[in-house]
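Read through the structure below, which is laid out as structure tokens, and then see the notes.
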Amino acid sequence: MKTVNHWIGGKTVEGASGNWGPVTDPATGAADTRVALASVEEVDAAVAAAKDAFAKWGTSSLSARTAILFRYRALLDAHRDEIAALITAEHGKVHSDALGEVARGLEIVELACGITTQLKGELSTEVATRVDVSSIRQSLGVVAGITPFNFPAMVPMWMFPLAIACGNTFVLKPSEKDPSASLRLAQLATEAGLPDGVLNVVHGDKVAVDRLLEHPDVAAVSFVGSTPIARHIHTTASANGKRVQALGGAKNHMLVLPDADLDAAADAAVSAAYGSAGERCMAISAVVAVGAIGDELVAKIVERAEKIKIGPGNDPASEMGPLITAAHRDKVASYVTGAAAQGSKVVLDGTGYTVEGFENGHWIGLSLLDHVPTDSDAYRDEIFGPVLCVLRVDTYEEGVALMNASPFGNGTAIFTRDGGAARRFQLEIEAGMVGVNVPIPVPVGYHSFGGWKDSLFGDHHIYGNDGIHFYTRGKVTTTRWPDPADAPSGVDLGFPRNH
């Protein structure tokens, strides 16, 4: 059986807690890998390694850091297929989707390579006679990242490249369900020349998470996951004096106006709802059809959904793979089997789906629910699977009101040919990321990713400028250097005069 161990201080450290978690191939159901689950002492060892490394890394030159990051970017590029294969083997997503995940993570590495321009300070001269004021940003120290199963390479790369570029050291606690990709990312960083202890990977469950949240040497915590856990992370880490960015769940809506290109809208709905088997926080899980277009739009969605090829992620013909675990598959299926009793029309039922030759895999087909009531479980909950809900409204205003009533505010989209309606929408909708005829508006690396309401806890979005601000803190210095020709001016107990 393959064993996935920790990466601490630049080397593999075997699990010593005696606790192990299974890592399952979602396509076969076989658990032929196990992952070490860290004890408090093992988490402490990772934090200690990071703290020791910070003593030199925090004062290293920007040119030295960026040279390592450029080499790291080249190594990641050369190992794209290998990393994608690890993702497919443990998460189940198709290889092309896994390659896309690696590419989006690389965007943040590239942003980190240009950190020199992002960390420039500010200087104001002569704010008073011979007085200058300068502002700089400095690193925090040891920071931690807790990442989800659905993007085992991309989400860690949303965090640690910027953190270490800013001069921090990092302890990553990835999902124990698919841990191998993050471990490979750390190994390649060491190969690129990253000093030992700057990036550490410690696997674990709640024991490891809670220790990171309370550890006195951890200055900040980044998290991506479900809303209940994000709320817990924010509350607990904040109570322990840490800076926190905790990204939670979502129920992303797509508003389709009567003037929209319905073929384009249907293509977008299928891609955004069922891509990566719906296991992404930016998936479109609710389409809001305005006016009389609902029936035609649903028919076009059905036409496209029925053609999606479901199979093992390493099969080039597959467009959608299995879900991460059998338990999650069963939970997703329960929303479909209970939908009719709660008032929805079940147009497509993907429960009970299997793939020949892989009957023990965590399979589920595509499901489509129409006329979904807003008080039903399928609408209220983040399902995190290939289930698309369609709701009907009569007007634009009714659609926006429905969407803004959701407790989530991660991402949203509008499909229309009307520029005026699109402009109103992007100003009136209560969400952190908006797409206009773009179904999954994930920002590029030099902008920031994050939602509103119950989709984000903390003040900073992730990566982009927000990410750099999160991993640094500001310092302002006011300086007066008297001219050598000046005579002593004596004592002045008054408030400093700027004019």
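The values are calculated or read from the model by the stated rules, or taken from the named source; none is laboratory data. As the structure is a computational prediction, the values presented were derived from the model and not from experiment. For neighbour counting, all protein chains shown are included, and Cβ atoms are generated from backbone atoms with ideal geometry for every residue, glycine included. We work out accessible area using only protein heavy atoms, side chains counted, and drop any ligands, DNA or RNA first. Shrake-Rupley method; radii C 1.70, N 1.55, O 1.52, S 1.80 Å.
General remarks:
- Debye intensity ratio I(q)/I(0), log10, the stretch 306-433, q values 0.11, 0.14 Å⁻¹ (C-alpha model): -0.49, -0.75
- Here the accessible area of the chain is 52 percent carbon and sulfur, with a 1.4 angstrom probe and all protein chains present.
- What the stretch 326-431 shows is 44 Å² of accessible area per residue, with the surface traced by a 1.4 Å probe over protein heavy atoms.
- Accessible area expressed per residue, the stretch 10-137, with surrounding protein chains retained (probe 1.4 Å, Å²): 47 Å²
- Membrane-span-like helices in the chain, defined purely by DSSP H runs whose alpha carbon atoms cover 15 Å or more axially and whose average Kyte-Doolittle hydropathy reaches 0.0, are 40-57, 62-78, 95-113, 154-165, 180-191, 262-274, 294-305.
- Selection among 391, 27, 166 by position relative to the dipole of the chain gives 166 as farthest towards the positive end (Cβ unit charges, Cα centre).
- Prolate/oblate/rounded label for the stretch 48-100 (Cα gyration tensor, a/c 1.5): oblate
- Environment charge of residue 392, counting only residues whose C-beta is closer than 12 Å and scoring Lys/Arg +1, Asp/Glu -1: -3
- Theoretical ellipticity at 222 nm over the chain - DSSP helices of four or more residues, -39500 (n - 2.57) apiece, nearest 500: -11000 deg cm²/dmol
- Of the peptides 137-150, 219-232, 16-29, 304-317, the order by per-residue mean of other Cβ atoms within 10 Å, starting with the highest, comes out as 137-150, 219-232, 16-29, 304-317.
- 28 Å Cα-Cα reach of residue 309 towards lysines, excluding residues that sit fewer than 8 places from it in its own chain: 93, 177, 251, 300, 331, 345
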